[in-house]
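Reading through the structure tokens given below for one structure.
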Amino acid sequence: MFHTQLEWLNTLKPNFKVLPLKDRLLCGLGALLGLAISSLISWYVLGDFNAWYIAPMGASSVLLFAVPASPLAQPWNMVVGNTIAGIIGVTCALFISNQTEAFSIAVALAIFLMMTTDSLHPPSGAVAITAVLGGESVHQLGYHFIFYPVLLNSVLLLVVAIIFNRLLGKQYPQVAQVNTRSKDPTPTQKVTIQPQDIQEVLEHQTQLLDISEYDLQKIILEAQEKANARNVSQYLCQDIMTKDVVSLDEQDDIHKALDKFKKVNLMSLPVINSQHELVGTLALYDVVEWFKRAADPRASWEHLVKQIMNRKVITAQPQQPIQDLVPYFVERSFNYIPVVEQQKLVGIISRADMIAVLQQQLNQSKL
């Protein structure tokens, strides 16, 4: 039960890289320096002014120092987004008497205009709310609120972020091209995935992705280099097998096994024992046959996976060439073949894995 709850909690977590401790400390240090320096300068410039610094800068510091590669953290987004939010917030505060209506409309309009001008910056939503709920000192400023403290805070924090990230060797702001010598695709891109391919895919996305096209290009190029290094004339089973194997335990109840079949939408699953050794395979049709004979008193004792599984299993070794497996997939219509090492299940190779290798080899033969 506890394990199931942990799995459910993991589905709520983002697919986000956890940085090493040193990098996390540097991100925190950057925010500390950025906020302290920009705050002190703002206080020096504005003196005893009550609204010399605004809370949304704390949210901006998260983006500028923790995820400076994000499109939402770029200087255009920071300055233009905060400016738009400030203008909309002040306007709503002046002309809408009900504060709840004022800040709700202000944030909604700010989001629309920021997305229209490609300047979306999440903390700007808080800037719009601050313009409405900031109190008498903010309201007395009127449209001057946009210049100070909003733009003053924004520019100062941005300058510190640029200097700090550059000192750490991070490219901030982001540049638009991977190929620094030319606007053309890199040599690798010319023969694989090109920038216009990425653009066409992104154009069909129905949601905003928090990653720039530039970063996508870099990631794809680095992944292609690793794939090319792995590109050998003869693939072994260990090169293409799936290591995270969905399996059944021989002591599982058959009803529990059926639930897993429903969850993973597969027609057959390998069966292991408590030592993670492969002991059989169970197909969905085996479960169907069990249900058909469930009314037979002679079959009433069958309630565990090990009682109805198939113990004769064709297996492969990690170092075995995948060519050896072709006859099983072609002539005998196997869906997958388990890969075992010292009797332990270490992976599986599916029909889809074999097709992917064939496609890769066909593409290479065309070059």
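Nothing in this text is a laboratory measurement; each read-out follows from the coordinates by a stated rule. What you see is a predicted model, and the numbers here were worked out from it, not measured in a lab. Counting neighbours? That spans all protein chains shown, and the Cβs are built from the backbone with ideal geometry, glycine included.
Counting only Cβ charges, +1 for Lys and Arg and -1 for Asp and Glu, the dipole size of the chain around its Cα centre is about 600 debye. Sequence-ordered 3J(HN,Hα) estimates for the stretch 345-356 from the Karplus curve with 6.51, -1.76 and 1.60 and θ = phi - 60° stand at 6, 10, x, 9, 10, 9, 4, 5, 4, 5, 5, 4 Hz, glycine and proline given as x. Under a Gaussian network description of the chain, with springs only between Cα atoms under 10 Å, the residue in GLU289, GLU101, GLU277 that fluctuates furthest is GLU289.
From the convex hull of the Cα coordinates of the stretch 79-230, what is the mean projected area in square nanometres? Don't jump to the answer; show the numbers that get you there.
Working: hull surface 47.9 nm².
Mean projected area for the stretch 79-230: 12.0 nm², to one decimal.
Shown here: percent of Cα pairs over 38 Å apart, derived from the displayed model; of the candidates (i) 26; (ii) 34; (iii) 46, it corresponds to (iii). Over the chain, dividing the summed -39,500 (n - 2.57) contributions of all DSSP H runs of at least 4 residues by the number of residues returns a 222 nm mean residue ellipticity of -15500 deg cm²/dmol.
Result for the chain in a Gaussian network model with C-alpha springs under 10 Å: among TRP52, TRP301, TRP76, the largest mean-square fluctuation is at TRP301. The rule of thumb for compact globular proteins, 2.2 N^0.38 Å, goes into the C-alpha radius of gyration of the stretch 21-167 1.02 times.
Using a Förster distance of 41 Å, how high is the FRET efficiency between LEU32 and VAL326, based on the Cβ-Cβ distance and rounded to 0.05? Walk me through the numbers before you get to the answer.
Details: r = 60 Å, r/R0 = 1.46.
It comes to 0.10.
When the pairs LYS17/LYS170; LYS260/LYS292; LYS17/LYS260; LYS17/LYS256; LYS190/LYS218 are compared against a 23 Å limit on Cα-Cα distance, LYS17/LYS260; LYS17/LYS256 fall above it.
Normalised by the number of residues in the chain, what is the relative contact order in percent for Cα pairs under 8 Å and 6+ residues apart?
Numbers: 434 pairs, mean separation 47.0, N = 367.
Relative contact order for the chain comes out at 13 percent.
Relative contact order, whole percent, for the stretch 239-364 stands at 28, derived from Cα pairs under 8 Å and 6 or more residues apart. Sorting the Cα pairs of the stretch 239-364 by distance into bins of 10 Å, from 0 upward, gives 12, 41, 31, 13, 3, 0 percent per bin. For a paramagnetic label modelled on HIS139 (point 7 Å from Cα along Cα→Cβ), amide N atoms under 19 Å away belong, within the stretch 71-113, to 86-107.
Put simply, the amide H of ILE272, placed in the peptide plane, has neighbours under 5 Å in LEU248, ASP249, GLU250, VAL279, leaving out anything fewer than 5 places away on its chain. Under the convention that each Lys and Arg Cβ holds +1 and each Asp and Glu Cβ holds -1, the size of the dipole of the stretch 239-364 around its Cα centre is about 260 debye. Simple rule: put +1 on each Lys or Arg Cβ and -1 on each Asp or Glu Cβ in the stretch 297-366, find the dipole, and look at VAL346, GLN364, GLN323; the Cα lying farthest toward the positive end is VAL346.
Using a Gaussian network model of the chain in which every pair of alpha carbons under 10 angstrom is joined by a spring, one finds that among PHE329, PHE145, PHE49 the greatest mean-square fluctuation is at PHE329.
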